[in-house]
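Following: one structure in structure tokens, then a few remarks.
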Ligand SMILES: [Zn+2]
């Protein structure tokens with residue numbers, strides 16, 4: 001099933017978000033997003049077959065004066081749901097997140113903050129925890145995911161880290177509102193005391209609707225769900241570092257760097273029957289490109 005998202009409608013939703021972000025930037029907290037507003041505005045939109053908007057291919061990403069994550073990035077992972085049932089899928093993702101310091105991530109160095117400090121090509125997976133899905137409600141909302149991160153901080157299972165990105169990775173059995181219909185993942189932030197906590201959601205698309213969020217049904221690591229999640233994680237992390245509070249880098253259409261290259265893969269090669277486009281450590285991956293703001297470069301796999 002392909003979600004009925006038209007490019008024009010999506011762009012409107014994104015543009016609407018930009019206005020909202022500017023308006024809320026002066027207050028301390030971004031209000032808990034409602035699904036209708038939130039889902040499109042900072043998400044890896046669903047449908048692996050959807051090309052990026054044509055305008056996005058030529059418009060530069062511009063800086064809007066707000067924070068950029070310039071310290072070495074530390075990843076904190078919440079495995080939400082019954083991941084113990086899928087150890088191989090988990091292992092592939094741990095390997096990927098442990099190798100995200102890469103020519104691909106180095107593209108983000110092109111997005112400095114107001115003081116000229118650059119994103120560093122340094123990403124480390126520092127801590128992982130497992131969290132059970134709450135008994136109710138049956139369908140998790142965006143707010144539930146934020147609360148999951150907040151509770152992990154409350155319980156001191158993670159440090160409060162302004163250079164952290166807290167990734168909530170949901171098991172295939174988790175029913176998340178909007179997942180596989182409107183989005184494959186998204187990033188957001190909330191205030192925790194005086195610290196902004198950057199977090200992202202990426203769901204496991206394995207199942208009958210896999211192809212909504214996966215570019216191919218066979219994959220370089222023999223697990224299309226894991227390989228699809230790796231690409232979405234890369235996308236969200238790139239956006240979280242360059243536009244953590246929605247006042248950093250995005251183009252005139254509201255597209256963040258990775259949005260401009262969503263579902264585009266560049267030069268690729270075969271691994272068995274699957275496509276791949278990069279090798280990280282001992283594994284091959286098929287990761288969507290990221291936008292280089294160097295004039296004349298645009299979507300690329302690395303720098
Ligand atoms: Zn995005």
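Need the full-extension length gain, residue 124 to residue 144, defined as separation in residues times 0.36 nm minus the C-alpha distance. One decimal, nm.
4.6 nm
Please list log₁₀ I(q)/I(0) at q = 0.09, 0.10, 0.17 Å⁻¹ for segment 174-303, using the Debye equation with identical point scatterers on the alpha-carbon positions.
For segment 174-303, the Cα-only Debye profile gives -0.28, -0.34, -0.95.
Using bins 10 angstrom wide from zero, how does P(r) for segment 212-264 break down, in % of all Cα pairs?
All Cα pairs, binned at 10 Å, distribute as 25, 43, 24, 8 percent.
Which order do peptides 74-80, 197-203, 60-66 fall in by mean Cβ count within 10 Å, highest first?
197-203, 74-80, 60-66
I'd like the distance separating the alpha-carbon centroids of segment 260-303 and segment 95-132, in whole Å.
16 Å
Can you give the log10 of the normalised intensity I(q)/I(0) at q = 0.13, 0.14, 0.16, 0.20 Å⁻¹, computed with Debye over equal Cα scatterers of segment 59-162?
-0.66, -0.75, -0.92, -1.14
Taking just the alpha-carbon atoms of segment 232-303, what radius of gyration and Dmax come out, in angstrom?
Cα radius of gyration and Dmax of segment 232-303 are 13.2, 42 Å respectively.
Computed from the coordinates by the stated procedures, all read-outs in this text should not be read as laboratory data. All values derive from a computational prediction rather than experimental measurement. Note that we place each Cβ from the backbone using ideal geometry, even for glycine, and neighbour counts take in every protein chain shown.
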